[in-house]
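Report on the structure given below.
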Amino acid sequence: MSRSTHQATDDERNEHIKIYVNGDLVPRAQATVSVYDSGFMLGDGVWEGLRLYNGHIAFLDDHLDRLYEAAYCLALDIGLTRAELKQALWDTLKANEMHTDVHMRLMVTRGRKAKPFQHPQLSVYGATIVIIAEFSQPDDSVLEHGIRLCTVPQHRGLPLTQDPKLNSHSKLNCIIPLIHAQQAGADEALMLDPFGFVNTTNACNFFIVRQGEVWTSTGDYCMNGITRQKVIDVCREEGIPVYEKNFSLLETYSADEAFLTGTFGAQTPVFNIDGRQIGTGQAGPVLKQVRAVYQRLIEREAMQQRQQQELSL
Ligand SMILES: Cc1ncc(COP(=O)(O)O)c(C=O)c1O
């Protein structure tokens, strides 16, 4: 049975959600964008995946920093200030009466085009902003059974072509490796860097644990994952030795533990890579510790923000 790091339990409330489309909150069935939209036509846009825990959007400022940075690089005018965009997220959650275990996809494209060609100057109507918020609980069976990875021939490349740090609407550079992994009977794709060092997966950042040390790639060729950085931060805080370094498949296959990081699943165990069992084939002690401290970090951030809001009242 195939699993995914983004596997959520079914929730029929999602059939009736309201979706934010350029300032309007529209029932799901009526939420559409133009066939001339730069995102639909060309994948010309950027997005963020965000998570709501107990009334708190985790690491919201980090996500908005990344979004605005990418938009600036693409000369894409979002058309809303950070405060307005934050308000749009909260309005969407409010319209859907959502409080916890919610996943949001915030999408910004260069907007509707005057003609069906790639030139950005044809996107004359302003950005299209869509926010889909769904009730979403990661499926616990993924934690129990772990993810099976398979190394794929597509690697994460240099920023000379498309910078892997751009969270672009077009995910073909992730979907192609994922298709390759699926065809080979794995759940997701493990991607190497241009030199053959282990880098990342099609949808998450990748970590291994060896003799109590946590290793992840240098970060040079992969998405600058917010969860990746938080895991590095919590390891440092907890006194767990953590290194951003080059390592090969040889060191990966013989790791004690391996796990993936991403906003949706936080930290997801990997139990098999290229047919080799990793460690005991069960969630290891370092992963369990990191998961627990990461949850506490989110709670701490939520508490600090509540205190700041109370002080400013
Ligand atoms: C290719 C890729 N790697 C990693 C991540 C994880 O990033 P984050 O931890 O910010 O969710 C994402 C999420 O969008 C991604 O698309």
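Select from the range 244-269 the residues that are in contact with a Phe, Trp or Tyr (Cβ under 7 Å, 6 or more places away or on another chain), open to solvent by less than 10 Å² (accessible area, probe 1.4 Å) and not in a strand (DSSP E or B) and list them in ascending order.
If the condition is that a residue be in contact with a Phe, Trp or Tyr (Cβ under 7 Å, 6 or more places away or on another chain), open to solvent by less than 10 Å² (accessible area, probe 1.4 Å) and not in a strand (DSSP E or B), then Phe247 is the only one that fits.
From the list Ala292, Ala255, which one is touching a Gly at 6+ places or on another chain (Cβ under 8 Å), more than 17 Å from Leu50 (Cα to Cα) and either small (Gly, Ala, Ser) or within 15 Å of the ligand (Cβ to nearest atom) (or both)?
Ala255
Pairs, please: C-beta under 6 Å, at least 6 apart or cross-chain, first residue more than 16 Å from the ligand (Cβ to nearest atom) and in the range 62-78, second of a type outside the set (Ser, Thr, Tyr)?
Close Cβ pairs (under 6 Å, with a partner that is of a type outside the set (Ser, Thr, Tyr)) amount to Leu76/Arg110; Ile78/Ala71; Ile78/Val108; Ile78/Ala127.
I need a count of the residues in the range 66-99 that are part of a loop (DSSP other than H, G, I, E, B) and either of a type in the set (A, V, I, L, M) or surrounded by 18 or more Cβ atoms within 10 Å (Cβ to Cβ) (or both). Spell out how you get there, then give the answer.
Within the range 66-99, the subset part of a loop (DSSP other than H, G, I, E, B) is 74-81, 96-99.
In the following step, the residues that additionally are either of a type in the set (A, V, I, L, M) or surrounded by 18 or more Cβ atoms within 10 Å (Cβ to Cβ) (or both) were identified as 74-76, 78, 80, 96, 98.
Matching residues across the range 66-99 total 7.
Are there strands (runs of 3 or more DSSP E) fully within the range 100-204 with at least 2 residues that are more than 16 Å from the ligand (Cβ to nearest atom) and at pLDDT 95 or above? List them.
Output list reads 128-135, 147-151.
With the requirement that a residue be among the aromatic types (Phe, Trp, Tyr) and more than 22 Å from Gly43 (Cα to Cα), what does the range 121-169 give you?
Residues of the range 121-169 that are among the aromatic types (Phe, Trp, Tyr), as a first pass: 125, 135.
The answer is Phe135, and nothing else.
Can you say whether Leu50 is open to solvent by less than 60 Å² (accessible area, probe 1.4 Å) and assigned to a helix (DSSP H, G or I), as far as the supplied structure shows?
Spelling it out, it is not the case that Leu50 is open to solvent by less than 60 Å² (accessible area, probe 1.4 Å) and assigned to a helix (DSSP H, G or I).
Does Ile226 satisfy the criteria of being closer than 27 Å to Asp101 by Cβ and either surrounded by 14 or more Cβ atoms within 10 Å (Cβ to Cβ) or in contact (Cβ under 8 Å) with a residue 40 or more places away in the chain (or both)?
For Ile226, the condition - closer than 27 Å to Asp101 by Cβ and either surrounded by 14 or more Cβ atoms within 10 Å (Cβ to Cβ) or in contact (Cβ under 8 Å) with a residue 40 or more places away in the chain (or both) - is met.
Could you go through the range 227-237 and let me know if any residue there is within 15 Å of the ligand (Cβ to nearest atom) and within 28 Å of Met1 (Cα to Cα).
Within the range 227-237 (the criterion being within 15 Å of the ligand (Cβ to nearest atom) and within 28 Å of Met1 (Cα to Cα)), the answer is yes, since at least one residue qualifies.
The values are calculated or read from the model by the stated rules, or taken from the named source; none is laboratory data. Predicted model only: the values in this text are computed from it and were never measured. When we count neighbours, we look across all protein chains shown, and the Cβ atoms used for this are built from the backbone with ideal geometry, even at glycine. Note: areas computed on protein heavy atoms with side chains; ligands, DNA, RNA excluded. Shrake-Rupley method; radii C 1.70, N 1.55, O 1.52, S 1.80 Å.
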